[in-house]
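Read through the structure below, which is laid out as structure tokens, and then see the notes.
The values are calculated or read from the model by the stated rules, or taken from the named source; none is laboratory data. What you see is a predicted model, and the numbers here were worked out from it, not measured in a lab. Here the Cβ is made from the backbone with ideal geometry for all residues, glycine too, and neighbour counts use every protein chain on show.
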Number of protein chains: 2
Amino acid sequence: IAKEVAKLLEMKAQLGEDEGKHKFVLKTPKGTRDYGPKQMAIRERAFSAIISCFKRHGAEVIDTPVFELKETLTGKYGEDSKLIYDLKDQGGELLSLRYDLTVPFARYLAMNKITNIKRYHIAKVYRRDNPAMTRGRYREFYQCDFDIAGQFDPMIPDAECLKIVHEILSDLQLGDFVIKVNDRRILDGMFAVCGVPDSKFRTICSSVDKLDKVPWEEVRSEMVGEKGLSPEAADRIGEYVQLHGGLDLIERLLQDPKLSQNKLAKEGLGDMKLLFEYLTLFGITGKISFDLSLARGLDYYTGVIFEAVLLHQENEHVEEPVSVGSVAGGGRYDGLVGMFDPKGRKVPCVGVSIGIERIFSILEQRLEASEEKIRTTETQVLVASAQKKLLEERLKLISELWDAGIKAEMLYKKNPKLLNQLQYCEDTGIPLVAIVGEQELKDGVVKLRIVATREEVNVRRESLVEEIRIRTSQC
Amino acid sequence: IAKEVAKLLEMKAQLGEDEGKHKFVLKTPKGTRDYGPKQMAIRERAFSAIISCFKRHGAEVIDTPVFELKETLTGKYGEDSKLIYDLKDQGGELLSLRYDLTVPFARYLAMNKITNIKRYHIAKVYRRDNPAMTRGRYREFYQCDFDIAGQFDPMIPDAECLKIVHEILSDLQLGDFVIKVNDRRILDGMFAVCGVPDSKFRTICSSVDKLDKVPWEEVRSEMVGEKGLSPEAADRIGEYVQLHGGLDLIERLLQDPKLSQNKLAKEGLGDMKLLFEYLTLFGITGKISFDLSLARGLDYYTGVIFEAVLLHQENEHVEEPVSVGSVAGGGRYDGLVGMFDPKGRKVPCVGVSIGIERIFSILEQRLEASEEKIRTTETQVLVASAQKKLLEERLKLISELWDAGIKAEMLYKKNPKLLNQLQYCEDTGIPLVAIVGEQELKDGVVKLRIVATREEVNVRRESLVEEIRIRTSQC
């Protein structure tokens, strides 16, 4: 019996080992995903619209490493710092994956003593957040940032950032949207006149930031219960944060007996008025809402802040449009570069970040619904053969086409069937087939087949490149 | 005295603290760098040439996360595994930064059960190597990979990979180059007939891999001294590895009394012959060298391997061109996807990786030497004003231009001097200036100035967009 048990145990151990070998998990890390060819095609469409806009506004482009020294990121993100990915200490410097593109940008400006630049940067950032992938929330995701750094006359660059958001969201045709605008100085002034102690500004600010997700009653009880704010102060805040509007509201608040006495609020409201004047000249105030409930989480903002949300008309009978979430945000951060400068020299900055993942989700869903067939290659012509033993002729012809800049493919088989070659074109959307056959070789021609119409024409070999160019209208 | 000492100590402590605060290191992590606008312009030129080529060959594009599960990378890179960056264990999965794009590609294929794809992937990879940044060796660097996966007739996709390398290096005009080709089966066969024990194949292979950097004598003493190979075996290897040539050499080795008896070597040589036939049809054998000293470090290769090196003619009097290092490499890896498949199903693959950093270095140095002025924006027109108080008019005009798709900038000042506005165009290469002035506004025109010629023409406001398009020949 002991012998049998030993045998069985040995077998079990072997089995265990084998299981271990095969229990290998075939997946991408939590909160991340691959982009297949179809998703890439959608992604490149969206990027192309965004980059066009950034270039239209005269931006240069920069890139920074995916990781930074850990200390570069320290103290920039407030409560969100816990979401930063650290690298393992393998000897040498302590590193973290970038959390956004703004802090690396500020580090870049300080390091290179740049005081004046307009740049964009499109790259992935990393947050150890709870992913909600169906709604486009990932741990690895793209940000598309446009920022203007430099000492300029007030609100001109700020207005341009809002114009950019307006152009991109219009161009991508994502449906109706609104861009909420506020100012950190107005928020701070409001907290002051409502009786919030200075020390509680920031924590009350992050309570206000939740108003787009939870109702006022909950936010109020957090302020009073958890954060120890007096119920009177909370109620005063409650009155302000329900206000939203345009120039009229700004004018009203500039007359507000309490706010108008506060220096910060007055400054902020004055600039907000100027901003709306510029936005009027841009003709975009229809989509802009001055909204006192907009707070934004990050620590580094010092002036104007804004956030674009898509409005989703669930169905025609619903009166109030439902927000499906933020797709862009940004603001002014005049102090961040100074945090990196050894002498604390300030470089005022304002910028916008387009959150592309949610936009991808929408474009992806729309494409699936539309049943539009999206091409994932740009191949113009398939080099095919009608008979066997023509591999060498196909190789010669395709090489000529490649060298002439024509986008060409062939099947990697010695003797493919013509039907399979035609089917490949149908499947992948290749519009033309260049068919070599024995007769054609003798005659010095190639048979060009137009896949859509099944039309076939003989083209002299020396005219083939030109003919393909014309047929695919490539200039 | 005690009091004074305490005071001083306190002062010192404060000083220390302050120092600590400012001793903050303003840098990017070791082995990484930022790309400024000029570098980005060069980078985009190189990428554009590479992507055009990949698309010309009908490739789709994919993307994968920057990190993978640690176990995905385990056991794929041999000795180089120690260079992998691990992420800190912050709870959850153990992650590592990708070391190349090939292993993530294989994981992607296995995970999605794809058995047939031609794709490219351009992304950064990470290696904790000793950086040599002036020679373009970084810890964070781009790879541009093109791979063909699928069961096809022999050497057709392999030949296309070499054609691609040839096209890209020619297109980028990096000077003369050679693409060395070998086959893992020929190497293994060679080791066998030279009397290398099976168990030493891999370690002797990595010795051979050093031959492009150190002379044979050193490699030989490593083989015999460190790795315990018999001097006779080493000498036999020494005879083979100095061989390089073309079809003639392949024919000779097919007749070699020892090699021709080895099954693996014979297979490899047969395929090499076929490969050269295809390369002859592509007209590129002039730059291809069948080189028995080419080994390549990575474990996963199973067939053809290749590496492109730039040849640098130091000066006219040097007879032998000097190699300035590898800029592309690749090969066949038929077993890698099977390592990820639960049932071990194989997907044969062959691919090439273009190492872009060294190419950047060369293009960068060349650009600096040439004093060519490279533009970092695409702005077509600066909206300027000739007098004060015209900010609103500039904002209105620039908004019209942006909405019409014109790339336009303005200075972010209320009342900029005309001279400063013109200087900005000179500095940044903007070709046109649209000047609004009081008289022009009255007349319904805009003064368009051509920066290069200083010519000025009045253009009716409604024709301005068209005129700018024509002048900047944008189609």
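How many residues are surrounded by 18 or more Cβ atoms within 10 Å (Cβ to Cβ) and more than 28 Å from B:LEU26 (Cβ to Cβ) if we restrict to the stretch A:140-153?
First, pick out the residues of the stretch A:140-153 that are surrounded by 18 or more Cβ atoms within 10 Å (Cβ to Cβ): A:140-149.
Subsequent filtering for residues that are more than 28 Å from B:LEU26 (Cβ to Cβ) retains none.
Here the count works out to 0.
Please find, within the stretch A:66-120, the residue that is surrounded by the most Cβ atoms within 10 Å (Cβ to Cβ) out of those that are more than 9 Å from chain B (Cβ to nearest Cβ) and acidic (Asp, Glu).
Filtering the stretch A:66-120 for residues that are more than 9 Å from chain B (Cβ to nearest Cβ) and acidic (Asp, Glu), the one surrounded by the most Cβ atoms within 10 Å (Cβ to Cβ) comes out as A:ASP100.
Given (1) under 21 Å from B:ASP129 (Cβ atoms); (2) at the interface with chain A (Cβ under 8 Å from one of its Cβ atoms); (3) among the aliphatic types (A, V, I, L, M), where does B:ALA59 come up short, assuming only one miss?
Exception for B:ALA59: condition (1).
Residue by residue through the stretch B:121-134, note down the ones that are at the interface with another protein chain (Cβ under 7 Å from one of its Cβ atoms) and closer than 30 Å to B:PRO348 by Cβ.
Start the filter on the stretch B:121-134 by keeping residues that are at the interface with another protein chain (Cβ under 7 Å from one of its Cβ atoms), which leaves B:124, B:128.
Correct list: B:LYS124 only.
Given (1) within 30 Å of B:LYS70 (Cβ to Cβ); (2) at the interface with another protein chain (Cβ under 9 Å from one of its Cβ atoms); (3) assigned to a strand (DSSP E or B), where does B:LEU382 come up short, assuming only one miss?
Among (1) within 30 Å of B:LYS70 (Cβ to Cβ); (2) at the interface with another protein chain (Cβ under 9 Å from one of its Cβ atoms); (3) assigned to a strand (DSSP E or B), B:LEU382 violates only (1).
Name the residue that is surrounded by the fewest Cβ atoms within 10 Å (Cβ to Cβ), counting only residues in the stretch B:47-56 that are of a type in the set (Gly, Ala, Ser) and more than 9 Å from chain A (Cβ to nearest Cβ).
So the first thing to find is which residues in the stretch B:47-56 are of a type in the set (Gly, Ala, Ser), and the list is B:48-49, B:52.
From what's left, more than 9 Å from chain A (Cβ to nearest Cβ): B:48-49.
On the way: B:SER48: 11, B:ALA49: 18.
Checked the stretch B:47-56; the qualifying residue surrounded by the fewest Cβ atoms within 10 Å (Cβ to Cβ) is B:SER48.
What tally of residues in the stretch A:122-145 results from selecting those that are part of a strand (DSSP E or B) and among the acidic types (Asp, Glu)?
Result for the stretch A:122-145: 2.
Could you run through the stretch B:233-284 and say how many residues are among the small types (Gly, Ala, Ser) and out of contact with any helix residue (DSSP H, G or I) (no Cβ under 7 Å at 6 or more places or on another chain)? So that I can check it myself, show each step before the final result.
Our first condition is that a residue be among the small types (Gly, Ala, Ser); within the stretch B:233-284, this holds for B:233-234, B:238, B:245-246, B:260, B:265, B:268, B:270, B:283.
Still in the list and also out of contact with any helix residue (DSSP H, G or I) (no Cβ under 7 Å at 6 or more places or on another chain): B:233, B:245, B:270.
Number of matching residues: 3.
Take the residues in the stretch B:144-189 that are among the polar types (S, T, N, Q) and within 14 Å of chain A (Cβ to nearest Cβ); name whichever of them is nearest to B:PHE290 (Cα to Cα).
Taking the stretch B:144-189 first, the residues among the polar types (S, T, N, Q) are B:151, B:170, B:173, B:182.
Narrowing the set further to residues that are within 14 Å of chain A (Cβ to nearest Cβ) leaves B:151, B:170.
On the way: B:GLN151: 25, B:SER170: 20 Å.
Ranking the candidates gives B:SER170 first.
Could you pull out the residue among A:LYS414, A:LYS388, A:LYS373 that is more than 14 Å from chain B (Cβ to nearest Cβ) and surrounded by fewer than 21 Cβ atoms within 10 Å (Cβ to Cβ)? Please lay out each step first, then the result.
Numbers: A:LYS414 fails: more than 14 Å from chain B (Cβ to nearest Cβ); A:LYS388 fails: more than 14 Å from chain B (Cβ to nearest Cβ).
Among A:LYS414, A:LYS388, A:LYS373, only A:LYS373 is more than 14 Å from chain B (Cβ to nearest Cβ) and surrounded by fewer than 21 Cβ atoms within 10 Å (Cβ to Cβ).
Quickly run through the stretch A:407-438 and pick out the residues that are part of a loop (DSSP other than H, G, I, E, B) and among the hydrophobic types (A, V, I, L, M, F, W, C). Walk me through it before giving the result.
Just the residues of the stretch A:407-438 that are part of a loop (DSSP other than H, G, I, E, B), to begin with: A:407, A:410-417, A:429-431, A:437.
Answer for the stretch A:407-438, where residues must be part of a loop (DSSP other than H, G, I, E, B) and among the hydrophobic types (A, V, I, L, M, F, W, C): A:MET410, A:LEU411, A:ILE430.
Could you list all residues from the stretch A:78-88 that are more than 15 Å from A:TYR138 (Cα to Cα) and either at pLDDT 95 or above or not assigned by the TED database to the domain that holds A:VAL66 (or both)?
Matches in the stretch A:78-88: A:ASP86, A:LEU87, A:LYS88.
Which of (1) within 30 Å of A:HIS166 (Cβ to Cβ); (2) crowded, with 17+ Cβ neighbours inside 10 Å is the odd one out, the single condition B:ASN420 does not satisfy?
So the condition that B:ASN420 fails would be (2).
Residue under question is A:ARG137, and the condition is that it be without any contact (Cβ under 8 Å) to a residue 60 or more places away in the chain and either touching a helix residue (DSSP H, G or I) at 6+ places or on another chain (Cβ under 7 Å) or more than 10 Å from chain B (Cβ to nearest Cβ) (or both); does it hold?
Numbers: without any contact (Cβ under 8 Å) to a residue 60 or more places away in the chain: no; either touching a helix residue (DSSP H, G or I) at 6+ places or on another chain (Cβ under 7 Å) or more than 10 Å from chain B (Cβ to nearest Cβ) (or both): yes.
No.
If we scan the stretch B:398-406, do we find a residue that is polar (S, T, N, Q) and not in a helix (DSSP H, G or I)?
The initial filter retains those residues of the stretch B:398-406 that are polar (S, T, N, Q), namely B:399.
After this cut, where a residue has to be not in a helix (DSSP H, G or I) as well, the list is none.
Checking the stretch B:398-406: not a single residue is polar (S, T, N, Q) and not in a helix (DSSP H, G or I).
In this structure, is B:ILE148 assigned to a strand (DSSP E or B), under 26 Å from the mean Cα position of the chain (by Cα) and under 30 Å from B:ILE117 (Cα atoms)?
Details: assigned to a strand (DSSP E or B): yes; under 26 Å from the mean Cα position of the chain (by Cα): yes; under 30 Å from B:ILE117 (Cα atoms): yes.
Yes; evaluated as a whole, the condition is true for this residue.
Which members of the stretch A:439-475 meet the condition of being away from chain B (no Cβ under 14 Å), buried (at least 18 other Cβ atoms within 10 Å of the Cβ) and in a helix (DSSP H, G or I)?
A:GLU440, A:LEU464
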